[in-house]
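Encoded as structure tokens, the structure appears first; notes follow it.
The values are calculated or read from the model by the stated rules, or taken from the named source; none is laboratory data. Everything numeric in this text was worked out from a predicted model, so none of it was measured. Reconstructed Cβ throughout: ideal geometry from the backbone, glycine too, with neighbour counts over all protein chains shown.
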Amino acid sequence: MRILHVLNSTSYSGAENVVCQIIDMFGSDKDTQMVYCSPDGPIKSSLEDRRIDFSPVKKLIPSELKKVIKKVKPDLIHAHDFRASTIVSFSAGNIPVISHLHNNYPWLKKKGVKTVLYAVTCGRYKRILTVSASVFDEFVYGDRFRDKLTVLGNPINIGAIRSKVSPQGSEKVFDLGFCGRLAAQKNPEAFVNIVASLKTRFPNLSAVMVGDGVLKNEVLSLIDEKGLGENIKLQGFQKNPYPILQSCKLMCMPSRWEGFGLAAVEALALGTPVVCSNVGGLPGIVNDECGKVCASQEEMTRECLALLSEKSRLEYKSEKAAQRASELDNIAEYKNMLSAVYAGALNIK
């Protein structure tokens, strides 16, 4: 069985991490071969590090993708997110296609060109996978195609996360951490504003932001405007962000929207409580024992303030964070579910 994974992104982030994990977990199966396809770019380095077979396109358009399909000769195409799924639907011919949605973008809720175009292609897919029920619940045409839906979640290998940090743990260098793309979805400006509010109580507050993106200059300007140059350290993209996450007392995720929220799981795995917004899959990951799901930026600020002010409460939530992460470990179950999806799409009994 040869499977072609198709993405539209050129850099490494959440969905790309999931695809790499999928390819890794099937790597030992002699009867399964997987190839990664996307426009060429920085992602190439990440794939080389993981020894993943990469077949790039200049641009993700049907004419370019058909060349890759002709070369790879896949039995099945696994398309990731909306644009890639749509392009694949016009390029795959008779090859079975699975559409995998990693995010619940705000435009999903409204009728428009994007939602209509994706709905038109839904009849082409053998299965539609989502990382949380909220993705399809918010899709304006979701009910029409719910019979094709499988809520798969994300692959979570807690042991693999913990293997990338010191088993002895690390000193809590930072009071507050942020890990994600500097983009509208992750709402990095809200994180800066939360740090600004907390600084009035803790003048020497130390915070760190891991990630890069289109809002980097805006974030830097806001940090300067708020006088937080000594309080917030920007670390940029990190191949292994886990030691930094482990060194944070708290992680704050003020996302505007999320599909799943894998960064929350990664922080919990390292004993770092998570204070987050009430979007996407986050309420299914974080609870009041290991952090808090908040309805507003103000509530997130209050919770961070309470935890940083009460050492015993913070230590309790840190302990519960590690326990919660262990409950979420699902790597064997995930592979079994995905294997069943592949077999169904190919009519293999």
Selection count, the stretch 138-153, where residues are modelled with pLDDT of 90 or more, within 20 Å of the chain's Cα centre (by Cα) and in a loop (DSSP other than H, G, I, E, B): 2
Residue satisfying all of: in the stretch 1-43; among the aromatic types (Phe, Trp, Tyr) and in contact (Cβ under 8 Å) with a residue 40 or more places away in the chain; nearest to Thr86 (Cα to Cα) among these: Tyr12
Pairs, first closer than 16 Å to Tyr12 by Cα in the stretch 221-245, second in a helix (DSSP H, G or I) and not basic (Lys, Arg), C-beta under 8 Å, six or more apart: Gln235/Ile244; Gln238/Ile244; Lys239/Ser46; Lys239/Asp49; Pro241/Glu266; Tyr242/Ile161; Tyr242/Glu266
Among residues of the stretch 219-243, those that are crowded, with 17+ Cβ neighbours inside 10 Å and either touching a Gly at 6+ places or on another chain (Cβ under 7 Å) or on the phi > 0 side of the Ramachandran plot (or both), counted: 1
Subset tally (residues that are modelled with pLDDT under 95 and either of a type in the set (Phe, Trp, Tyr) or over 17 Å from Val279 (Cβ atoms) (or both)) for the stretch 163-186: 11
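For (1) at pLDDT below 95; (2) under 26 Å from the mean Cα position of the chain (by Cα); (3) surrounded by fewer than 19 Cβ atoms within 10 Å (Cβ to Cβ); (4) not hydrophobic (A, V, I, L, M, F, W, C), each residue gets a yes or a no:
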| residue | (1), (2), (3), (4) |
| --- | --- |
| Pro188 | no, yes, no, yes |
| Ala196 | no, no, no, no |
| Phe202 | no, no, yes, no |
| Val210 | no, yes, no, no |
| Asn217 | no, yes, yes, yes |
Matching entry among Gln246, Gln238 (being touching a strand residue (DSSP E or B) at 6+ places or on another chain (Cβ under 6 Å) and either over 20 Å from Leu198 (Cβ atoms) or modelled with pLDDT of 95 or more (or both)): Gln238
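Test Leu270 against the criterion of being within 18 Å of the chain's Cα centre (by Cα), modelled with pLDDT of 95 or more and among the hydrophobic types (A, V, I, L, M, F, W, C), and give yes or no.
Values: within 18 Å of the chain's Cα centre (by Cα): yes; modelled with pLDDT of 95 or more: yes; among the hydrophobic types (A, V, I, L, M, F, W, C): yes.
Against the criterion (within 18 Å of the chain's Cα centre (by Cα), modelled with pLDDT of 95 or more and among the hydrophobic types (A, V, I, L, M, F, W, C)), Leu270 qualifies.
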Search result, residues across the stretch 261-313 that are crowded, with 24+ Cβ neighbours inside 10 Å and out of contact with any helix residue (DSSP H, G or I) (no Cβ under 8 Å at 6 or more places or on another chain): none
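Taking the condition within 17 Å of the chain's Cα centre (by Cα), part of a loop (DSSP other than H, G, I, E, B) and touching a residue at least 60 places away in the same chain (Cβ under 8 Å), does Glu171 pass? Outline the logic, then answer.
Numbers: within 17 Å of the chain's Cα centre (by Cα): no; part of a loop (DSSP other than H, G, I, E, B): yes; touching a residue at least 60 places away in the same chain (Cβ under 8 Å): yes.
Here the answer is no, as Glu171 does not meet what is asked.
Take the stretch 292-336 and flag every residue that is of a type in the set (Phe, Trp, Tyr) and assigned by TED's automatic domain parsing to the domain that holds Phe178. It would help to see each step written out before you state the result.
Narrowing the stretch 292-336 to residues of a type in the set (Phe, Trp, Tyr): 316, 334.
Answer for the stretch 292-336, where residues must be of a type in the set (Phe, Trp, Tyr) and assigned by TED's automatic domain parsing to the domain that holds Phe178: just Tyr316.
Being touching a Pro at 6+ places or on another chain (Cβ under 7 Å) and either closer than 28 Å to Pro203 by Cβ or aromatic (Phe, Trp, Tyr) (or both), is that true of even one residue in the stretch 266-281? It would help to see each step written out before you state the result.
Restricting attention to the stretch 266-281, the residues satisfying the condition of being touching a Pro at 6+ places or on another chain (Cβ under 7 Å) are 277.
Within this subset, residues satisfying the condition of being either closer than 28 Å to Pro203 by Cβ or aromatic (Phe, Trp, Tyr) (or both) are 277.
Among the residues of the stretch 266-281, at least one is touching a Pro at 6+ places or on another chain (Cβ under 7 Å) and either closer than 28 Å to Pro203 by Cβ or aromatic (Phe, Trp, Tyr) (or both), which makes the answer yes.
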Arg127 of a type in the set (Lys, Arg) and free of Cβ contacts under 8 Å to residues at least 24 places away in the same chain: no
Residue pairs meeting the criteria (Cβ under 6 Å; at least 6 apart or on separate chains; first closer than 19 Å to Met34 by Cβ, in the stretch 53-82; second of a type in the set (Val, Ile, Thr) and assigned to a loop (DSSP other than H, G, I, E, B)): Ile77/Ile95
Any pair with Cβ under 6 angstrom, 6 or more apart, that starts in the stretch 194-219 at a residue that is hydroxyl-bearing (Ser, Thr, Tyr) and ends at one that is crowded, with 17+ Cβ neighbours inside 10 Å and in a helix (DSSP H, G or I): Ser197/Thr301
